[in-house]
Amino acid sequence: MLEPVSKADVDVVIVGAGAAGLAAAQHLTRAGLTTKVLEAAPTVGGRMTTEKVDGFRLDRIGRLLSTSYPELHRTPGLNTLALRPFSPGVLLHSDGRHHRAAAPTTLRSARGALTAARALASAPRLPRSQSSRPGPLGGHLDQTRLATALARLAVTPPERLLTRPDLPTAQALTIRGLPPRAVEGFLRPLLAALLCDPALTTSSRAADLALHSFASGRLCLPEGGADTLPELLAASLPPGTVHTGVEVTAVSTTTVTTKDHGELSCRAILLATGARAAARLLPGLRVPAFHPVTVLHHTTDEPPLTDPALLLDADRSGPVAQTAVISQVDPSRAPAGRALVSSTVLGTPPAAAHLDTAVRAQLARLYGTSTTRWELLAVHHTRDAVPAMPPPHDLRRPVRLLAGLYVCGDHRDTGTVQGALHSGRRAAHALLMDLGARPAATEERLETAA
C-alpha cells in the first residue's frame, strides 16, 4: 500500500501513468527530483494498452508511430525500444488492384527527397482485370507534383510548418494546387489513417507535421505491442516511483487526495491523465472533442498478404480505413503458425450486429481472398481515442496552469504518441523552471515545435 509522504519526501506527484506522465517522470527524475506517479488503472499505459489472448498481442487503438518521431530518441528510458517498421510508404487498394506509394526512408536534401518520392509507383498485386483508369496517384505529371510537395514537407523544419495558415485539412488540400486524383486517392486515406480523422477536419498544421514525419521516416509499431513503450518508461524509473490502483479524487498545488490511500504532500503536481479525467479534477479545464476508433483483430492460418505493408482503401468502399497483417510486421504479436490481421474503423462504426460482417466483406476485397473462415479475436472500441484538433489549434497549449500545478497529454500538443511524449517534456521543463532546478545535462534543447 502507498504510504502518505511528507513534503521533504517527494518533490512532484504525477497523476496518470500514460506515455506523457511517464515521460515527464523520466525527465524530472533525471534532473534530480523525487517523483511519485499515481495511476488509477491496474496497469500503466493509458490508451497504449495491449490485450493478450491465446498468444496474440492485440492493441486497443494501435496508433501508428514513425521512426522520425524526435521524442522516441529524446525520452530517457526508450533507448531499448525496438520498432518494427512497415514496408516503406503504404499500399493503396483502388479499382481492384494494389498500388505502392513509397516514401523516402532517409532524406538529406530536397533533391534526395524528390528522387525518393518519385518512387511513387503503381503495380498490380491482385489477379484482377486491368483498369483503364489511372491509379490513385494519377499520371506521371500528377506523381511528379505530389513528389515535389512531399519533398518540400520532408525538408521543411517543423517550426516553419507551424507558421502556415491554419485551415481544415480537407480545405487546405484543395487550395494548395495538388493533383485532385492524388489528393483523393492517396493523401486523404493516408491522412485519415495518420490523424484518425476520416473527414479531415483537423488543423492543416497538424496534418503537415504528420506528412513531415511520414516523408522523413518509416511508419512503425513498438515490438511486442503498444504497451511496450509505457512499460519501458515505468520499468526504468527508480523502484517505488510508479503506483497503480491508486485513484486520485482531488488535487491542489501541494496536496493530492486519494480514494483509499490518504493524502500526499508535495512541491508540485502534474496532471497527466486523459482530458476528461483532468477536467474532473480541475473543473473548467477545456475538454476537446474526440475521434472514436474501433479496431478488429482477426486470425487465419495463412497471411493474406506477405508484405508487411499498411494497406489503405483508396476507394473508401467500406468501414475499414486501414488494415495490415500485423504478424508480418511484428511476428511476436501472434503465435507460430497463425496470422494476425488488424483493421481500423474510424468514426462511428456500423451497428455491432453488422460490424464484423461489413468488415469481413471489405477485407475480402482488399486482400483478394475469402475471409469466411477467419476467426474474430477481439473488437476494441474507444470513444475518446484521439483528441480532435480543428483549426485554429494551438499545437503547443500551455502546460503550466499556475505555479505548482501543471498538465500534459496529447490533448495539450498533437494527438499522437510524439505529441504525448513532447507534452510530458514541456511540462517537466516548466516545472523545473518554477522549482529553480535544471534539466539533466544530457537533455536536448526544448523546441517550440517537434
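Things worth noting here:
- Restricting segment 171-205 to residues that are among the polar types (S, T, N, Q) and either out of contact with any Lys or Arg (no Cβ under 8 Å at 6 or more places or on another chain) or in a loop (DSSP other than H, G, I, E, B) (or both), the residue that is farthest from Phe290 (Cα to Cα): Thr174
- None of Thr106, Thr144, Thr80 is at pLDDT 85 or above and under 29 Å from Ala23 (Cβ atoms) except Thr80.
- Against the test of being β-branched (Val, Ile, Thr) and either surrounded by fewer than 23 Cβ atoms within 10 Å (Cβ to Cβ) or more than 23 Å from the chain's Cα centre (by Cα) (or both), the options Thr323, Thr306 yield a single qualifying residue, Thr306.
- In segment 12-49, the residues that are crowded, with 21+ Cβ neighbours inside 10 Å and not hydrophobic (A, V, I, L, M, F, W, C): Gly16, Gly18, Gly21, Gln26, His27, Thr29, Thr35, Lys36, Glu39, Gly45, Gly46, Arg47
- Some residue of segment 365-386 being over 27 Å from Ala101 (Cβ atoms) and assigned to a helix (DSSP H, G or I): no
- Scanning segment 28-49 for residues that are under 11 Å from Leu233 (Cβ atoms), over 20 Å from the mean Cα position of the chain (by Cα) and not in a strand (DSSP E or B) gives a single hit, Thr29.
- Annotation for segment 353-376: no member residue is crowded, with 19+ Cβ neighbours inside 10 Å and of a type in the set (Gly, Ala, Ser).
- Of the numbered criteria (1) outside the structural domain of Arg360 (by TED's automatic domain parsing); (2) among the small types (Gly, Ala, Ser); (3) at positive phi, the one Gly337 fails is (1).
- Pairs linking a residue in segment 186-209 that is farther than 14 Å from Thr174 by Cβ to a residue that is buried (at least 23 other Cβ atoms within 10 Å of the Cβ) and among the aromatic types (Phe, Trp, Tyr), with Cβ atoms under 9 Å and 6 or more positions apart or on different chains, are Leu190/Phe214; Leu194/Phe214.
- Thr416, sole failed condition from (1) crowded, with 23+ Cβ neighbours inside 10 Å; (2) hydroxyl-bearing (Ser, Thr, Tyr); (3) free of Cβ contacts under 8 Å to residues at least 12 places away in the same chain: (3)
- Scanning segment 395-405 for residues that are more than 17 Å from Arg280 (Cβ to Cβ) and not charged (D, E, K, R) returns Leu395, Pro398, Val399, Leu402, Ala403, Gly404.
The values are calculated or read from the model by the stated rules, or taken from the named source; none is laboratory data. Everything numeric in this text was worked out from a predicted model, so none of it was measured. Note that we place each Cβ from the backbone using ideal geometry, even for glycine, and neighbour counts take in every protein chain shown.
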